[in-house]
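Inspection log for the structure reproduced underneath, given as structure tokens.
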Amino acid sequence: MRRESSTLAFSAFMALLIGSVGIVATLATNSQAILLDGLFNLIYFCVALVTIKVSKLASRPDSDSYPFGYSYFESLVNLCKGLLILGVSLFALVDAVVALLTGGRMISAGLAVMYALFATAACSLTAWVMHRSQRHVHSPLVVADKFNWLVNSVISAAVLAAFCLVLLFEHVGWQAVLPYVDAVLVIAVVVLCLGVPVRMASQALQELLNKTPDETVAEPVRQAVARGLADVETQEVRVRMVRPGRLLYVMVHVVLDVDHPQSSLVCQDRSRQRIEEEVRQYYSPVVCDVVFTADKRWAAPSCGLLVEKRP
């Protein structure tokens, strides 16, 4: 798929399909592992509807109401996704522990295997489509969806393997073990995959709090700024950046001598253009604000500075 909206719409449809089948399969099998999978996908479908709307907002320019654009909505959606997945996982974990302590639960393994086969194939197909779409679509929303479907594929494959074990245990007559398989499976899946929603929510929260991007992003941008100012004699250069969603916002303060030949507006605009071109070679979309000053206090960190009171 070559468009972000169509890719996200396909992801939403698959979540609705798998979630609906999962709820029906739960009624037939009495499996909490399948219920977890169904609820997970139905919740993700609801969030996906918001994601599609946000993807359209993120491509708009800024407005009077949102003077810095709509990119922060992407981080907000990814934070909600991570927290929702985390919440469902913890709920399933508590329910599974209670089931273990109360004697477990019996399931219909044959129907459960059929559902797990369907879910594994559907999740794997969706993850592959998300991965292929990244050749044409550069979006943190699509990236988050891809990781979701990869995790979902692993979960479904693990559920399939466990249900096949239930059939094996039934065949060899291990009846005492059967009530506990479903609960143990839920606990194992939640513990193994809990890091994914935690990382997703943590990264989105850092973006919302305006934390500097990872050094893998920040350092090349600093080098690009240095190349753009290679022919300019500077006293000091400070580079600040944040990355809400897909947009990288770079603020550069350049301190010059008062009588520097670059003090004219025409020369400064040329330097701004060179800096932006260098940064865009590494990252896009990007907004570069370049401020030239002869006073270091306008470039110094603004937090924690002592402000003298006037009488």
Starting from the coordinates of the alpha-carbon atoms of the chain, obtain the Kirkwood hydrodynamic radius over all distinct pairs and give the value in Å to one decimal. 22.6 Å
Rounded to the angstrom and largest first, Cα extents along the principal axes for the stretch 215-298 equal 40, 24, 17
Simple spin-label estimate for residue 234 and residue 90 in nanometres, 7 Å along Cα-Cβ: 4.4 nm
Report the GluC sites (Glu not before Pro) located in the stretch 150-251 that are in a DSSP loop and have at most 11 other Cβ atoms inside 10 Å of their Cβ, or state none. 233
As a percent rounded to 5, the proportion of antiparallel DSSP bridges among beta bridges in the chain is 45 percent
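According to the square roots a ≥ b ≥ c of the eigenvalues of the Cα gyration tensor, what is the shape class of the stretch 58-143, taking rounded for a/c under 1.5, prolate for a/b larger than b/c otherwise, and oblate for the remainder?
Working: a/c = 5.28, a/b = 1.80, b/c = 2.93.
It comes out oblate by the Cα gyration axes.
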Using the number of other C-beta atoms within 10 angstrom as an exposure proxy, rank 199, 297, 227, 246 with the fewest first. 297, 199, 227, 246
Let me confirm the definition first: pairs of Lys residues in the chain, 8 or more apart or on different chains, C-alpha distance under 29 Å. How many are there? 11
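Run the helix sum for the chain: -39,500 (n - 2.57) per DSSP H stretch of 4+ residues, divided by residue count, reported at 222 nm to the nearest 500 deg cm²/dmol.
-23000 deg cm²/dmol
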Taking a cut-off of 16 Å, what percent of all Cα-Cα pairs in the stretch 100-143 are separated by more than that? 60 percent
Sum of side-chain charges, residue 213 neighbourhood, beta-carbon under 9 Å (Lys, Arg +1; Asp, Glu -1): -1
So, R0 is 22 Å and r is the distance between the beta-carbons of residue 298 and residue 273; what FRET efficiency does that work out to, to 0.05? 0.55
Can you compute the FRET efficiency between residue 280 and residue 216 using 1/(1 + (r/R0)^6), with r the Cβ-Cβ distance and R0 = 25 Å? Round to the nearest 0.05. 0.90
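Throughout, read-outs are computed from the coordinates displayed, never taken from laboratory work. This is a predicted model, so every value here is computed, not measured. When we count neighbours, we look across all protein chains shown, and the Cβ atoms used for this are built from the backbone with ideal geometry, even at glycine.
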